[in-house]
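One structure is given here, and the rest of the page talks about it.
What follows is calculated from the coordinates using simple rules that are stated; it is not laboratory data. Since this is a predicted model, take the numbers as computed values, not measurements. Heads up, the Cβs are rebuilt from the backbone with ideal geometry, glycines too, and the neighbour counts pull from every protein chain shown.
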Amino acid sequence: MDRPVTEEVTDSVIELDKVHLTLGSGASRVHILKGVDLAIRDGQSVGIVGPSGSGKSTLLMAMAGLERADSGRIVVAGADLTKLDESALARFRGRNIGIVFQSFHLIPTMTALENVAVPLELQGAPDAFERARAELESVGLGPRVSHYPAELSGGEQQRVAIARALAPMPAIVIADEPTGNLDEATGREIASLMFSAAEARNTTLVLVSHDPELAERCDRVVEMHSGTVVTRDAAEAAQ
């Protein structure tokens, strides 16, 4: 799949430069991200950790263009997200970013096959259902393609969500607490599936997790506190 090309030569697929982001309005306005600087290399897996309220999930949403930065620069797969309007952002996400949520976010009135085919149909792929079926088979759900979300276990629903995120062959997959709603054993299976799929496709994986063991499986661990990146591992410090 063609990906946007930057004018600069860089091995970073995600770059945040002095990013500030606030949510809410008036007296309820909260400064969430406070001058975040972060660079993530193409094909790298990164775990983002930190206490509740530190801005981890908001950082992921900013990387996906689902939350707008107030200031600073966010360059993802060669595109400066701060310069794109909503329509362009939606098109960009469809081509470049797969998202896995804690609560699955499947469409309840669609089968597993239809859920996975949705982003492919939005791209106009003529073979959307064939590709969706292949993705479901790759996550071990070949026999369940015609089942609706309510007929699937939590682990199976998250497998559908992973297949949906991977189907468009994105450069980046972001995952917000992908094992948070699963029991320990199922969570381990889902984590292994996600890491192996990302590695096989050389897809950049950025995940938020309260599980230190899951985060430690990543190539890098980034810690946030009060809206800032406070620690980076040795690999990032060397960049």
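Could you work out the helix-only [θ] at 222 nm for the chain, with each DSSP H run of four or more residues adding -39,500 (n - 2.57) and the total divided by the number of residues, to the nearest 500 deg cm²/dmol?
Values: 8 runs with 81 residues, N = 239.
-10000 deg cm²/dmol, from helical runs alone.
Kirkwood hydrodynamic radius, region 12-230, all distinct C-alpha pairs: what's the number in Å?
By the Kirkwood definition, the hydrodynamic radius is 17.7 Å.
Send over the Kirkwood Rh of region 65-154, from the inverse of the averaged 1/r over different Cα pairs, rounded to one decimal Å. Walk me through the numbers before you get to the answer.
Values: mean 1/r = 0.0669 Å⁻¹.
One over the average 1/r among Cα pairs gives 14.9 Å for region 65-154.
Treat every Asp and Glu Cβ in the chain as -1 and every Lys and Arg Cβ as +1, leave all other atoms uncharged, and give the resulting dipole magnitude about the Cα centre to the nearest 20 debye.
400
Give me the extension gain from S153 to S192: residue separation times 0.36 nm, minus the current Cα-Cα distance, reported in nm with one decimal. Could the numbers behind the result be given before it?
Working: separation 39, 0.36 × 39 = 14.04 nm, distance 1.76 nm.
Using 0.36 nm per residue and subtracting the Cα-Cα distance, I get 12.3 nm.
Work through the residues other than S54 whose Cβ is under 12 Å from its Cβ and net out their charges, Lys, Arg +1 and Asp, Glu -1.
+1
Remind me, relative contact order of region 12-230 in percent, using alpha carbon pairs under 8 angstrom and six or more residues apart?
31
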